[in-house]
1. Looking at the stretch A:240-272, which of the residues that are assigned to a loop (DSSP other than H, G, I, E, B) and within 14 Å of DNA strand B (Cβ to nearest atom) is nearest to residue A:74 (Cα to Cα)?
2. Anything in the stretch A:240-263 that is more than 23 Å from the chain's Cα centre (by Cα) and of a type in the set (D, E, K, R)? List them, or say none.
3. Check residue A:193 against each of (1) within 15 Å of DNA strand B (Cβ to nearest atom); (2) surrounded by fewer than 20 Cβ atoms within 10 Å (Cβ to Cβ); (3) of a type outside the set (Phe, Trp, Tyr); (4) under 21 Å from residue A:271 (Cα atoms) and name the one condition it does not meet.
4. Kindly provide the set of residues from the stretch A:185-195 that are without any contact (Cβ under 8 Å) to a residue 60 or more places away in the chain and either among the charged types (D, E, K, R) or in contact with a strand residue (DSSP E or B) (Cβ under 6 Å, 6 or more places away or on another chain) (or both), ordered by number.
5. Among the residues of the stretch A:86-101, which ones are at pLDDT 95 or above and of a type in the set (A, V, I, L, M)?
6. Report the residue count in the stretch A:109-155 for those that are small (Gly, Ala, Ser) and under 20 Å from the mean Cα position of the chain (by Cα).
7. Can you tell me which residue in the stretch A:213-239 is nearest to the chain's Cα centre (by Cα), limited to those that are within 16 Å of DNA strand B (Cβ to nearest atom) and without any contact (Cβ under 8 Å) to a residue 60 or more places away in the chain?
8. Go through (1) of a type outside the set (Val, Ile, Thr); (2) touching a residue at least 12 places away in the same chain (Cβ under 8 Å); (3) out of contact with any helix residue (DSSP H, G or I) (no Cβ under 8 Å at 6 or more places or on another chain); (4) more than 14 Å from DNA strand C (Cβ to nearest atom) for residue A:74 and report which single condition fails.
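The values are calculated or read from the model by the stated rules, or taken from the named source; none is laboratory data. Keep in mind that this is a model prediction, so the values were computed, not measured. Glycine also receives a Cβ, built like all others from the backbone with ideal geometry; neighbour counts cover every protein chain displayed.
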Amino acid sequence: MPELPEVETTRSGIAPYVEGEVVSKVLVRNGRLRYIVPKALAKMPVGQVVRRVDRRGKYLLFCLDGGTIMVHLGMSGSLCVVDEGLTPGKHDHVDMVLASGVCLRYTDPRRFGSVLWVEGDVFEHRLLKHLGPEPLVRQFNARYLLTRALGRKVLIKVLLMDSRVVVGVGNIYANEALFLAGIDPRMRCGDLTAESSKQLVKAVKQVLRRAIEAGGTTLKDFVNSEGKPGYFQQKLYVYGRGGEACRRCGGLIEHFKLGQRSTYCCGNCQDV
DNA sequence: ATGCGGACCTGTTAGC
DNA sequence: TGCTAACAGGTCCGCA
């Protein structure tokens, strides 16, 4: 579920409640997430101050003095600020309880996400080490994308969703960015030109920025730190709109599979 | 090195 | 109405 805008929405919502506060305990109700949470947290000491809440790609990083709590929301995860006393639901797997009485509650029906404790330089952790640049920084530019695309045979959509190339772009925003750039998702990487690379980078940045402003996309179950949905779904051009009219040309939005992922595009507005 | 397919889970929806 | 199958926002691993 959560792509970069949803993770960033969560981060900015949580930060004011957490930064400068002491973690008094971490309560694990169901540790069977992507990585077994009790094991992953085994060495974590309690009573430390959270210095800041950061984000790298789709990972949330709670930076403490002795290490980092690294949270990934997977497909269906969310993290809400609740009162410690609130009765947990079926999928409320982990609580991070602060000395202030505020509780960060991790909810994840599909359990594809995880909560890890990492000591030392978190960016050297195997899950972060090989990540590509953040999409919203200058380092992610037309020249960079072209360099990474040329000489490869994968489809352009697959490349965009490869976190070693650029982080944070999941299936929804890959579809949207390709539409905005006027590029068919079935185009091969090798066919990217300087011009189309420029358009695509611009589109990726634009769609992510707009989605962050709208508080993310809620298709089914994404909620922010207050348990509220995002509103970007109302602004989607192609994702989830198979068979409907293109908002730009009125043509039919196509829907098919690429790799294993649901793909949407306008055959008229997007060229291979 | 690159590309591809399967695996990890559960809940909801579509279809018979 | 009720059962079953397909599908869903994301990685990560192993094999060719």
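1. A:260
2. A:244, A:247, A:248, A:254
3. Evaluating residue A:193 over (1) within 15 Å of DNA strand B (Cβ to nearest atom); (2) surrounded by fewer than 20 Cβ atoms within 10 Å (Cβ to Cβ); (3) of a type outside the set (Phe, Trp, Tyr); (4) under 21 Å from residue A:271 (Cα atoms) leaves (1) as the failure.
4. A:188, A:195
5. Scanning the stretch A:86-101 gives A:94, A:96, A:97, A:98, A:99.
6. The qualifying residues number 3.
7. Here the residue is A:218.
8. If we test residue A:74 against (1) of a type outside the set (Val, Ile, Thr); (2) touching a residue at least 12 places away in the same chain (Cβ under 8 Å); (3) out of contact with any helix residue (DSSP H, G or I) (no Cβ under 8 Å at 6 or more places or on another chain); (4) more than 14 Å from DNA strand C (Cβ to nearest atom), just (4) comes out false.
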